[in-house]
1. Within region 347-371, track down each residue that is of a type in the set (S, T, N, Q) and either on the phi < 0 side of the Ramachandran plot or out of contact with any Lys or Arg (no Cβ under 7 Å at 6 or more places or on another chain) (or both).
2. Name the pairs whose Cβ atoms lie under 8 Å apart, with the first residue in region 170-181 and touching a residue at least 40 places away in the same chain (Cβ under 8 Å), the second not in a helix (DSSP H, G or I), and 6 or more positions between them or separate chains?
3. Quick one: count up the residues across region 491-509 that are under 15 Å from Phe220 (Cα atoms) and surrounded by 15 or more Cβ atoms within 10 Å (Cβ to Cβ).
4. Could you tell me which of the residues Phe220, Phe173, Phe180, Phe274 is out of contact with any Ser or Thr (no Cβ under 9 Å at 6 or more places or on another chain) and closer than 27 Å to Ile448 by Cβ?
5. Can you tell me which residue is farthest from Met347 (Cα to Cα) among those in region 83-99 that are in contact with an Asp or Glu (Cβ under 9 Å, 6 or more places away or on another chain) and not polar (S, T, N, Q)?
6. When you scan region 315-323, do you find a residue that is over 24 Å from Leu97 (Cα atoms) and not in a loop (DSSP other than H, G, I, E, B), even just one?
Amino acid sequence: MKKNNDQQEVKGFLKSVERVGNKLPHPAMIFVILSLIVIVASAIVSKFGKPVTYYDARAGEEVTRSVVSLLNADGLRYIFNSATTNFTSFAPLGTVLVAMLGVGVAEWTGLINTSLRKLLLGVHPKLLTATVVFAGIMSNIASDAGYVVVIPLGALVFAGAGRHPIAGLAAAFAGVSGGFSANLILGTTDPLLQGITNEALRGTGINYSMDATGNLYFMFVSTFLLTFLGTWVTEKIVEKNLGEYTGKFVVTEEPITEIENKGLRNAGLALLAFAIVMGLAMFLPNGVFRTPDENGVLTLKEFLGSGLIPAILLLFLIPGYAFGKTTGKIKTSSDLVTSMTEAMKSMGGYLVLAFFASQFVSYFSYTNIGTILSVNGAKFLESIGFTGLPLVIGFIIITAFLNLFMGSASAKWAIMAPVFVPLMFNVGLSPELTQVAYRIGDSTTNIISPLMSYFAMIVVFAQRYDEEAGIGTLISTMLPYSGVFLTGWTVLMVIWYLLGLPVGPGAPLFV
């Protein structure tokens, strides 16, 4: 009886969060209001607040920052002069639109729908949720690609299985963003954070250097933990809270025809040919996508950071075109353009939302409010004198809190690393352990922060399946994942700490 009462309380709480959130204005208007709040707050704090001085690990020097007002001549010029570039340089904008050109072809021709029907015939229902969460976690190898590929596909797969599509979207979002740092192999985040950690060590005169693999063991195990936790939250909390899906979106259940099977076969061959060509270009010692780094070593870093999204466009466009030509859906080049045009039509609402979201995110960065919050938060944790395991747990919690206001993992770490890496080193905790603790806090609250760059895009994805969905719907849906991920991941860190296990190859917990 108590278990049922607890479930009712959780469901009631989440429904309350959703109701309150959805009574707010349209998400685009919320970003307008938040922008106005930042403008006013910047003027007040710039006048009465104090500047902060800290060592910036990326700049390699000590810098002083104060809140910059947007309510003066310089600020007003920035608001007007940067509005267009804020929008056009908004990170998710180009990523989403370019990828959607290819996804639009695959969807319009029927490839996605048919593939899902085929896939669902052979997937055990009990493995579906875990597969979606796991795919989301693994997608961070390709940086932000999971946001535009795995999340919408998660919703489609659930819809095709007769389950609530927003539950599938949530499971994928939890894996992609809530489990952003976990993986079975090294991703782009590992060398990025490692470089900042080592710069923080050098800047404070500590003769120690960590490797990019310094968190590999812990993140490997974390992948399975988060897959389990994400599956449990989806099936035991989120789907029960969402209830039965009664929206208009459906995945057709007609049997697959002979011509569709032939289309799938040709699409598969086209995909295989594309994969071989891309594999050679990426993994041959002198592959065309490899560029020299600062040491002259040929790497895929530039391609993974900039070239992957056009590759995703082709990943969907090529098999989508092959399927469409086979089934007769695409007869001329006009049909191909029509498929892309239809995809762009569906993104109209996102473009409006992205414009206002981009202004808010830019104002937050320009005024240095996020930086001030991070620096003061770091100084507070340093001042209360925690050591050992309490310090690690406190660091995770404050990082998770600050992540609500400053989304960039590298920018936040560049501020926090010079404070916490030497602080924790001097009480016997390794830089590898400090970085692991940071990554836990930095990942788990991404999914409930409107400041996260792709948050507005996920709201738009949700509205495809529920026109009434808003920020409240998304936050209430993702809140259980955030709480369970933060708790479960921290417990894993505590167990790891008590057992004294290395967090990576040659990466002990203590120094």
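The values are calculated or read from the model by the stated rules, or taken from the named source; none is laboratory data. Keep in mind that this is a model prediction, so the values were computed, not measured. Ideal geometry is used to build each Cβ from the backbone, glycine not excepted, and the neighbour counts take in all protein chains shown.
1. Ser358, Gln359, Ser362, Ser365, Thr367, Thr371
2. Ser177/Met452; Ser177/Tyr454; Ser181/Asn215
3. Final tally of qualifying residues: 7.
4. The conditions single out Phe220.
5. Of everything passing the filter in region 83-99, Ala91 is farthest from Met347 (Cα to Cα).
6. No, region 315-323 contains no residue that is over 24 Å from Leu97 (Cα atoms) and not in a loop (DSSP other than H, G, I, E, B).
Residues checked against (1) among the small types (Gly, Ala, Ser); (2) over 19 Å from Ala182 (Cβ atoms); (3) touching a residue at least 60 places away in the same chain (Cβ under 8 Å):
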{"position": "Lys412", "(1), (2), (3)": "no, no, no"}
{"position": "Met424", "(1), (2), (3)": "no, yes, no"}
{"position": "Ile447", "(1), (2), (3)": "no, no, yes"}
{"position": "Gln463", "(1), (2), (3)": "no, yes, yes"}
{"position": "Gly472", "(1), (2), (3)": "yes, yes, yes"}
{"position": "Val503", "(1), (2), (3)": "no, no, yes"}
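Table: residues versus (1) part of a helix (DSSP H, G or I); (2) at pLDDT below 90; (3) in contact with a Phe, Trp or Tyr (Cβ under 8 Å, 6 or more places away or on another chain).
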position	(1), (2), (3)
Asn5	yes, yes, no
Lys15	yes, yes, no
Glu18	yes, yes, no
Ile33	yes, yes, no
Ser42	yes, no, yes
Tyr54	no, yes, no
Arg58	no, yes, no
